[in-house]
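*Asks:* My structure is below; once you've seen it, I'll send some questions.
Since every read-out is calculated from the coordinates, none of them should be taken as a lab result. Just so it is clear, the structure is predicted and the values come from calculations on it, not from any experiment. Neighbour counts run over all protein chains shown; Cβ positions are idealised from the backbone, glycine included.
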């Protein structure tokens with residue numbers, strides 16, 4: 001092991017011991033959850049430090065209603081395109097993958113330029129726009145190219161605000177997202193009175209962030225540090241911000257698990273309404289919304305996403321909800337908290 | 001709460017039973033593939049005097065030798081790719097399935113289903129690749145069948161090969177023992193990356209690793225306690241199979257992983273686990289510590305990247321010791337390879 005890593009781990013050990021009390025540090029970004037899982041970082045933490053995943057996986061926080069609408073459009077014969085890991089997320093009726101099996105035209109794309117290409121042959125194509133500021137810029141670009149989009153895009157800071165407003169949630173520090181911060185910069189986080197570090201995506205980056213958070217907690221500081229300066233600028237990416245502003249307007253949005261959060265979503269401006277699936281297919285979407293029957297479910301994805309319950313505590317976990325047959329988004333992604341937990345339980349039986 | 005759960009569960013099960021169709025993921029070599037195969041086996045009589053019927057090839061003991069028999073169907077898109085084509089894979093795949101069982105292949109049956117309108121020169125090219133490997137390895141094509149279907153009934157071309165071989169000693173996949181080391185015969189996953197790069201128009205120097213494994217396995221077979229070629233499901237699937245059947249734990253070390261830089265890069269770019277990338281001309285195996293350096297020395301004559309990648313320990317499952325010192329589970333891939341967006 002490199003001496004630098006050893007030093008970091010040692011410092012984390014010492015500081016955690018000095019702090020003594022149990023700490024919960026929340027990574028807000030899905031890719032950080034991935035880094036933590038890939039590098040086995042949880043297994044390296046002192047006993048009193050728990051790393052919990054926040055609502056930073058855009059697929060996981062996408063509301064069932066939005067999935068239902070996309071499924072409804074697809075089943076009505078409209079070709080749809082979607083990022084890979086969103087196809088398996090169940091809505092109230094079914095997932096987009098199941099819709100595909102029932103004959104709907106569902107295209108999985110790796111990046112939005114593929115959707116733009118498909119739309120040249122199939123101008124009716126509706127792209128499922130989801131994700132935070134990281135993917136929104138690209139969607140804005142594609143809308144300007146003429147791609148039709150159903151926007152479930154979300155803004156990151158309002159979710160952080162909502163998390164902090166919930167008194168039940170106990171978090172001692174945030175590992176702020178890296179990719180999102182490349183776009184929105186660092187200043188925007190200063191409104192939150194909690195220790196925060198913007199981190200990169202190497203294993204070492206996450207260890208550095210944890211070490212810096214512990215230092216802040218130990219010194220009773222509450223500031224925003226940028227440990228990802230090689231990519232994240234203080235003011236962010238102004239060009240992308242301008243593009244997003246030009247195409248999107250801020251609106252209220254539904255979050256899986258968090259409910260409706262004011263001014264936390266992005267809808268397409270009327271200037272681009274010909275590319276807005278919600279305008280073009282207004283009647284059809286109204287009909288779909290009317291027909292949605294909320295499936296009773298004991299799925300606790302929402303609470304898991306907020307770090308309020310552990311995956312294992314959900315009554316569906318490992319019973320009707322498994323990676324083969326996921327009932328909630330946290331079980332879909334291989335790095336979703338429930339999915340990761342399930343595999344650990346399986347292997348350690 | 002548990003009453004609600006039970007009700008939900010029975011509703012779900014009912015729903016699942018009613019509209020069950022075969023999912024694409026069931027063909028990807030992961031857990032769903034295993035489920036499908038169990039379903040198929042339920043209605044078939046297996047075994048009789050045959051052994052190893054859930055391994056790469058089944059074996060039938062005649063005197064002191066073991067007849068080994070295997071079959072494999074190939075549907076590859078694209079048919080031609082950097083480093084090979086469907087024909088090369090079809091013959092190598094069957095030769096390799098016999099070779100990893102410790103058998104010397106003695107003959108191959110070749111069956112072709114061709115879609116009406118398929119270009120004759122492409123077919124010739126594919127058959128020539130099969131002929132080339134057959135000649136180079138000395139394994140003849142001894143019988144076969146050819147069918148042509150109406151346009152649209154199949155996608156271009158499907159090839160099935162079956163092969164028989166003879167083994168003095170079968171290498172089973174349940175033979176790994178605590179204290180063994182895990183070896184890879186070369187860098188893994190390059191077949192998948194060559195195809196994915198072509199599919200996504202990425203420029204890449206990586207070529208498919210498709211090749212016959214006869215010579216190296218003839219050379220080291222006697223030292224191996226288990227051996228598999230990581231085709232569908234990649235190294236994640238086959239290492240888990242060895243661990244499960246041998247009732248041991250495999251611990252890999254990140255710093256010794258057998259992946260080329262480009263394979264890792266594409267894995268990260270597409271968000272697909274590199275351990276689930278298939279290879280078509282590599283194997284992973286276990287060997288007792290005392291033979292380890294001998295095995296590696298021999299294997300490096302065929303591929304300079306052959307190396308020890310981990311150890312066999314008490315326990316279960318496959319784990320990776322990361323370069324930061326943490327541990328991570330390497331699980332059987334769930335279904336088809338789906339990229340993440342976040």
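*Asks:* How do A:216-223, B:126-133 rank on mean C-beta neighbours within 10 Å, highest first?
*Replies:* B:126-133, A:216-223
*Asks:* For the stretch B:58-167, just say rounded, prolate or oblate: build the C-alpha gyration tensor, square-root its eigenvalues into a ≥ b ≥ c, call rounded for a/c under 1.5, and beyond that prolate if a/b exceeds b/c, oblate if not.
*Replies:* Here the stretch B:58-167 falls in the prolate category.
*Asks:* Work out the mean other chain Cβ neighbour count within 10 Å for the residues of A:315-323 and drop it here as an integer.
*Replies:* Taking all residues of A:315-323 together, the mean is 4.
*Asks:* Looking at the calculated P(r) for the stretch A:45-95, what percent of the C-alpha pair distances fall above 16 Å?
*Replies:* The answer is 50 percent, as a whole percent.
*Asks:* Separate question: Would you mind checking the stretch B:136-151 for residues with the amide N under 16 Å from a putative spin-label position 7 Å along Cα→C-beta of residue B:215?
*Replies:* B:136-139
*Asks:* Something else now. How big is the antiparallel share of DSSP beta bridges in chain A, given as a percent to the nearest 5?
*Replies:* Approximately 25 percent, going by the DSSP bridge assignments.
*Asks:* Turning to a different aspect of this structure: In a Gaussian network model over chain B where Cα atoms closer than 10 Å are linked, find which of B:310, B:27, B:326 has the largest mean-square fluctuation.
*Replies:* Result: B:326 has the largest fluctuation of those listed.
*Asks:* Moving on. Along the Cα-to-C-beta direction of residue B:177, a point sits 7 Å from the Cα; which residues of the stretch B:305-335 have their amide N less than 18 Å from that point?
*Replies:* What the label zone holds, given the 18 Å backbone N cut-off, is B:311-315.
*Asks:* Now for a separate question. Points 7 angstrom from Cα along the Cβ direction at residue B:109 and residue A:120: gap in nanometres?
*Replies:* It works out to 4.7 nm between the two label points.
*Asks:* Sticking with this structure for a sec: Using a 10 Å cut-off around each Cβ of peptide A:38-49, what is the average number of partner chain Cβ atoms that fall inside?
*Replies:* That average works out to 4.
*Asks:* What Kirkwood hydrodynamic radius, in Å, does the stretch B:212-294 give when the mean of 1/r is taken over all pairs of distinct Cα atoms and then inverted?
*Replies:* Taking every pair of different Cα atoms in the stretch B:212-294, averaging 1/r and inverting gives 14.0 Å.
*Asks:* Looking at the stretch B:94-248 only, what percent of DSSP beta bridges run antiparallel? Nearest 5 please.
*Replies:* 55
*Asks:* Between the stretch B:86-156 and the stretch A:106-145, how many Å separate their Cα centres?
*Replies:* Taking the Cα centre of the stretch A:106-145 as reference, the centre of the stretch B:86-156 is 40 Å away.
*Asks:* A follow-up question, please. What is the fewest-to-most order of B:148, A:109, B:332, A:304 by other Cβ atoms lying within 10 Å of their Cβ?
*Replies:* Going from sparsest to densest Cβ surroundings: B:148, A:109, B:332, A:304.
*Asks:* What is the pair-distance distribution P(r) of the protein assembly as shown, computed from all Cα-Cα distances in 20 Å bins starting at 0, with each bin given as a whole percent?
*Replies:* Cα pair-distance distribution for the protein assembly as shown, in percent: 17, 47, 31, 5, 0.
*Asks:* Sticking with this one: Determine, for each peptide in B:149-157, B:281-289, the mean count of other beta carbons within 10 angstrom over its residues, then list the peptides with the highest first.
*Replies:* B:281-289, B:149-157
*Asks:* Once the Cα gyration tensor of chain A is diagonalised, what are the square roots of 5 times its eigenvalues, in whole Å and ordered largest first, as equivalent ellipsoid semi-axes?
*Replies:* After scaling each eigenvalue by five and taking roots: 35, 24, 17 Å.
*Asks:* Continuing with this model, one more query. When DSSP beta bridges are limited to those with both residues in the protein assembly as shown, what percentage is antiparallel, rounded to the nearest 5?
*Replies:* 60
*Asks:* For the stretch A:75-125, build the convex hull from the C-alpha positions and give me its volume per residue in Å³.
*Replies:* Output value, Cα hull per residue: 67 Å³.
*Asks:* Please report, largest first and rounded to whole Å, the three semi-axes of the ellipsoid equivalent to chain B, where each semi-axis is the square root of five times an eigenvalue of the C-alpha gyration tensor.
*Replies:* Listed largest to smallest, the semi-axes of chain B are 29, 28, 23 Å.
*Asks:* Under the 0.36 nm per residue contour assumption, what length would be gained going from the current alpha-carbon distance of residue B:304 and residue B:232 to full extension?
*Replies:* Computed gain between residue B:304 and residue B:232 is 23.5 nm.
*Asks:* Next question, about the same structure. Which of rounded, prolate or oblate describes the stretch A:137-265 when judged by the alpha-carbon gyration tensor and an a/c cut-off of 1.5?
*Replies:* oblate
*Asks:* Still on this structure: Based solely on its DSSP helices, what 222 nm [θ] is calculated for the protein assembly as shown when runs of n ≥ 4 H residues each add -39,500 (n - 2.57) and the sum is averaged over all residues, nearest 500 deg cm²/dmol?
*Replies:* -11000 deg cm²/dmol
*Asks:* Express the relative contact order of chain B as a whole percentage, based on alpha carbon pairs under 8 Å and six or more residues apart in sequence.
*Replies:* It rounds to 22 percent for chain B.
*Asks:* Let me ask another. Partner chain Cβ atoms within 10 Å, averaged over the residues of B:317-324 - can you pull that number for me?
*Replies:* Per residue, the average neighbour count from other chains is 6.
*Asks:* When only Cα pairs under 8 Å and 6 or more residues apart are kept, what is the percent relative contact order across chain A?
*Replies:* 19
*Asks:* Based on alpha-carbon centroids, what's the gap between the stretch B:229-271 and the stretch A:59-99 in Å, whole number please?
*Replies:* Here the two parts' Cα centres lie 31 Å apart.
*Asks:* Compute the Cα gyration tensor for the stretch A:301-347, then decide on rounded, prolate or oblate, letting a ≥ b ≥ c be the square roots of its eigenvalues: rounded whenever a/c is under 1.5, prolate when a/b is larger than b/c in the other cases, and oblate in all that remain.
*Replies:* Judged from the Cα gyration tensor, the stretch A:301-347 comes out rounded (a/c under 1.5).
*Asks:* Along the Cα-to-Cβ line of residue A:250, 7 Å from the Cα, sits a label point; which residues in the stretch A:140-160 have backbone N less than 16 Å from it?
*Replies:* Within reach of a label on residue A:250, which here means backbone N under 16 Å from a point 7 Å along Cα→Cβ, the stretch A:140-160 contributes A:153-160.
*Asks:* Ranking request for peptides A:259-266, B:48-55, A:196-203: highest mean number of other beta-carbon atoms within 10 Å first, then the rest in descending order.
*Replies:* A:196-203, A:259-266, B:48-55
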